[in-house]
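Below you'll find the structure, written out as structure tokens, and then a few comments.
The values are calculated or read from the model by the stated rules, or taken from the named source; none is laboratory data. All figures in this text were calculated on a predicted structure; none of them were measured in a lab. For neighbour counting, all protein chains shown are included, and Cβ atoms are generated from backbone atoms with ideal geometry for every residue, glycine included. Please note that ligands, DNA and RNA were not included when accessible areas were found on the heavy atoms of the full protein model with its side chains. Shrake-Rupley method; radii C 1.70, N 1.55, O 1.52, S 1.80 Å.
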Amino acid sequence: MELNELYREVILDHNRHPRNFGRLDPADALANGHNPLCGDKLTVTLRMDGDAISDLKFDGNGCAISVASASMMSEAVKGRPRAEVDALFDRVHALLTQADAPSDGIGKLAALSGVREFPARVKCASLCWHTLNAALANLQGSAPSPISTE
Ligand code: ZN
């Protein structure tokens, strides 16, 4: 199987069967994300155990890439401390925007490298990460504010 085909399969699978879909109630933090360019809307809820994300769920409506990306993110960040989540976001952002970004060591998230061939979809794939960052920022007790990719 070609690598691109494999990546497409991973994205289709996560779109059809999103992991960690739903809402945590109660949650330690919640954030809403909106990508007006495409119409994707996501809500991320999470629980913390000390400095680590102990649980995370997302729901919402969006295109296949936004849903698959959120599903893969939810699996990738669970149990990780915030510093590792930040580092992972940097890796994913590079993967989405830089042709020479390495895709090793980030598991299934490597499937997102195919998205950079479609620049209009980069915001679909990064929406969940921006929403996660907004949720983590909300933990500090600041007022929850909706985020937008615009
Ligand atoms: Zn989209």
Item to check | Average accessible area per residue (Å²) across the chain - probe 1.4 Å, nucleic acids and ligands excluded | outcome: 50
Item to check | Dipole magnitude of the range 3-142 about its Cα centre (Cβ charges: Lys, Arg +1; Asp, Glu -1), debye to nearest 20 | outcome: 300
Checklist entry - Sorted by accessible area with a 1.4 angstrom probe, largest first, how do 72, 48 fall? => result 48, 72
Next on the checklist: Out of the GluC sites (Glu not before Pro) in the range 1-88, which ones are loop residues according to DSSP with at most 11 other C-beta atoms within 10 Å?
Outcome noted: 2
Checklist entry - Lys/Arg Cβ at +1, Asp/Glu Cβ at -1, dipole of the range 46-150 taken about the Cα centre: which of 60, 81, 115 is farthest positive-ward? => result 60
Checklist entry - Among the aspartates and glutamates, which have Cα under 13 Å from the Cα of residue 57 when same-chain residues fewer than 8 positions away are ignored? => result 25, 28, 75
Checklist outcome for this item: Under the helix-only model (-39500 (n - 2.57) for each DSSP H run of 4 or more, divided by the residues of the chain), the mean residue ellipticity at 222 nm, to 500 deg cm²/dmol, is -13500 deg cm²/dmol
Item to check | Cα-only Debye scattering, the chain: base-10 log of I(q)/I(0) at q = 0.09, 0.12, 0.13, 0.14 Å⁻¹ | outcome: -0.25, -0.44, -0.52, -0.61
Next on the checklist: For the range 11-126, what does the relative contact order come out to in percent, with C-alpha contacts under 8 Å and a separation of six or more?
Outcome noted: 25
Checklist outcome for this item: Of 26-34, 109-117, 11-19, ordering from highest average Cβ density within 10 Å down gives 109-117, 26-34, 11-19
